[in-house]
Amino acid sequence: MLKNCQTKISGARKKQVRGGRGAVLVQERWPRSCRIAHLVVNDVQTVAVRYRSSFWLTFLFANAEEGSFALNRRRFVRLTSLGSGALLCGFERGGLKGGGFEGPALGQTSAEARQDYGEPLGQVDFVNEGPVEMDTAFGSELDGRLYTSLEGLAEKSLVTPEERFYLRTRASRLLPQPENWAIVVDGLTTPKQSVKIAEMRAREKALGLHLMECAGNTRTAHFGMISVGEWAGVPIAELLQEWKPSPSATRVLVSGFDKYAASSVTSVAGASWVFTFGELKSAGTFLATKLNGKSLSRDHGAPVRLVVPGWYGCTCIKWVDRITFVDDAAEATSQMTEYAGRTHQNGSPRLAKDFLPARIEHAAMPVRVEKLRVNGKLKYRVAGVLWGGSETVAKLGIRFNPEEEYVPVESLRVPQTTPWTLWSHTWAPPERGRYTIRLAILEPSEKPKRLEAGYYARTVEIDEV
């Protein structure tokens, strides 16, 4: 007999799917870390819980109550404790396949899941990174941030939802409304021009998937200042031809709205960068108006922002309101100076012409470590992501302590065809203790600055082998 039951979780999104006769499946997202699947069939409730995108637990509860079944954190803990009468049936398909964690197959038995992936026993947290809020915006204006959790990254979800797309700065409280927005085009050009946002929107086109990473993507942010989005906008090469800069113009200064109601304790005011014409064209730079099929949000640069594919996010100016043609005498902007070290400049040049392109070199890091029992033996599976650079990586190396030689990761898609690529590697630590997971490019032979410095290395504490 079908019970009229629902899972209710405060602040969650609900999706109801009607399956076979006598069953209702209700899926809910618990804020930030958990997903709940609640199935009621013939008076038996099945509650599957996925925690931190790493594993699924399945619990059976007999004698489903009439009416609604309110499941919150407190009740979940009470129901699933040892004295609750719940039966732990096993983990359902929490392993890594095709480079990423897959969702649970509710029709798959625990035995089948163990045969495919090993029996998941949980996830090992990275240490020395500190607590931080993930996937939720906090702070305001120049001190506003959003760090994107990469724990659940999978082949089927390579695009970061807009509400989870990282933020380095949030919109100013003084930002004008977008309806009357215009970009002023001036400097070494005749005559001075103004491009209204309506004109930009009329010309927008789909421009594909592109990765963006903050040059200040750090361990304290759990390396969560990186995301991939599907963008739409207007290629800047088209606009440069129409704007007709004078022959003396050698560079383009792109500036964004930069007035804030409050002073900042973490950032220097300034939203501008100077590029050569060749840099803008070769990168496929565009003025973006949409992210993932929706108009940009205020925090993401609405109504228009610059996107420079393959360059650090500090060059991707938000709230673009002025484009100025300049020559080689143009000085570096305050934003260029602030990010000189993080974009690997030679010191802090006074002139913009002396800045190196702020391109993202090849980079790789682990994003989760899964604990498994495979054929009765304890093993660990490291899952990670590779991005940046301009060439395909044929071999990515991994090691777990400084005395080891790098060995190729077991699973890496070659060639890489997406803005970031998932990889995985099974590992059997020889003893308990701390291990630092570090990556290197083995083929082609190159030494990206951040990888060589161990910038993206992450440490785990192994307490069972």
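The values are calculated or read from the model by the stated rules, or taken from the named source; none is laboratory data. None of these values were measured; they are calculated from a predicted model. Reconstructed Cβ throughout: ideal geometry from the backbone, glycine too, with neighbour counts over all protein chains shown.
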Would you mind telling me which numbered condition in (1) farther than 14 Å from residue 460 by Cβ; (2) outside any strand (DSSP E or B); (3) not acidic (Asp, Glu) residue 401 fails? (1)
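Within the group 244, 318, which residue is in contact with a strand residue (DSSP E or B) (Cβ under 7 Å, 6 or more places away or on another chain) and closer than 16 Å to residue 195 by Cβ? Quick ask: steps written out before the conclusion?
On the way: 318 fails: closer than 16 Å to residue 195 by Cβ.
Checking each option against the conditions leaves just 244.
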Scanning the stretch 112-134 residue by residue, those over 20 Å from residue 266 (Cα atoms) and either of a type in the set (Gly, Ala, Ser) or at pLDDT 90 or above (or both) turn out to be 113, 118, 119, 120, 121, 122, 123, 124, 125, 126, 127, 128
Name the residue that is modelled with the highest pLDDT, counting only residues in the stretch 351-395 that are among the aliphatic types (A, V, I, L, M), assigned to a strand (DSSP E or B) and surrounded by fewer than 18 Cβ atoms within 10 Å (Cβ to Cβ). 351
With respect to the numbered conditions (1) out of contact with any helix residue (DSSP H, G or I) (no Cβ under 6 Å at 6 or more places or on another chain); (2) closer than 21 Å to residue 213 by Cα; (3) in contact (Cβ under 8 Å) with a residue 60 or more places away in the chain; (4) part of a loop (DSSP other than H, G, I, E, B), which one is the sole condition not fulfilled by residue 301? (3)
Any hit, the stretch 293-305, residues being crowded, with 17+ Cβ neighbours inside 10 Å, touching a strand residue (DSSP E or B) at 6+ places or on another chain (Cβ under 9 Å) and on the phi > 0 side of the Ramachandran plot: yes
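Of the residues 296, 306, which single one is within 27 Å of residue 363 (Cα to Cα) and either at pLDDT 95 or above or polar (S, T, N, Q) (or both)? Even if it seems obvious, please write down each step before you answer.
Numbers: 296 fails: within 27 Å of residue 363 (Cα to Cα).
Unique residue meeting the criteria: 306.
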Go through the stretch 113-165 and give me each residue that's touching a helix residue (DSSP H, G or I) at 6+ places or on another chain (Cβ under 7 Å) and either crowded, with 17+ Cβ neighbours inside 10 Å or among the aliphatic types (A, V, I, L, M) (or both). 132, 135, 147, 148
Condition (residue is closer than 26 Å to residue 341 by Cβ and of a type in the set (Gly, Ala, Ser)) applied to the stretch 420-432: is it met by at least one residue? no
Have a look at 411, 424 and point out the one that is within 15 Å of residue 367 (Cα to Cα), in contact with a strand residue (DSSP E or B) (Cβ under 7 Å, 6 or more places away or on another chain) and surrounded by fewer than 19 Cβ atoms within 10 Å (Cβ to Cβ). 411
The stretch 435-465 - residue that is aliphatic (A, V, I, L, M) and part of a loop (DSSP other than H, G, I, E, B) and, of those, modelled with the lowest pLDDT: 465
It is to be established whether one or more residues within the stretch 262-270 are buried (at least 20 other Cβ atoms within 10 Å of the Cβ) and either within 24 Å of the chain's Cα centre (by Cα) or modelled with pLDDT of 95 or more (or both). no
Any residue in the stretch 226-238 that's surrounded by fewer than 23 Cβ atoms within 10 Å (Cβ to Cβ) and among the acidic types (Asp, Glu): show its pairings with residues that are outside any strand (DSSP E or B) and modelled with pLDDT of 95 or more at Cβ separation under 6 Å, as long as the two are six or more apart or on different chains. 230/159; 230/292
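Could you please give the count of residues in the stretch 211-256 that are part of a strand (DSSP E or B), hydrophobic (A, V, I, L, M, F, W, C) and more than 30 Å from residue 421 (Cβ to Cβ)? Full working, then the answer.
Just the residues of the stretch 211-256 that are part of a strand (DSSP E or B), to begin with: 211-213, 226-235, 245, 251-256.
Add one more test, that the residue is hydrophobic (A, V, I, L, M, F, W, C), and what stays is 211-212, 226, 228, 231-232, 234, 252-254.
Okay, now just the ones that are also more than 30 Å from residue 421 (Cβ to Cβ), so 252-253.
Matching residues across the stretch 211-256 total 2.
Within the group 163, 151, 179, which residue is touching a residue at least 60 places away in the same chain (Cβ under 8 Å) and of a type in the set (Asp, Glu)?
151
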Flagged in the stretch 416-465 as without any contact (Cβ under 8 Å) to a residue 40 or more places away in the chain and closer than 19 Å to residue 377 by Cα, in numbering order, are 430, 431, 432, 433, 463
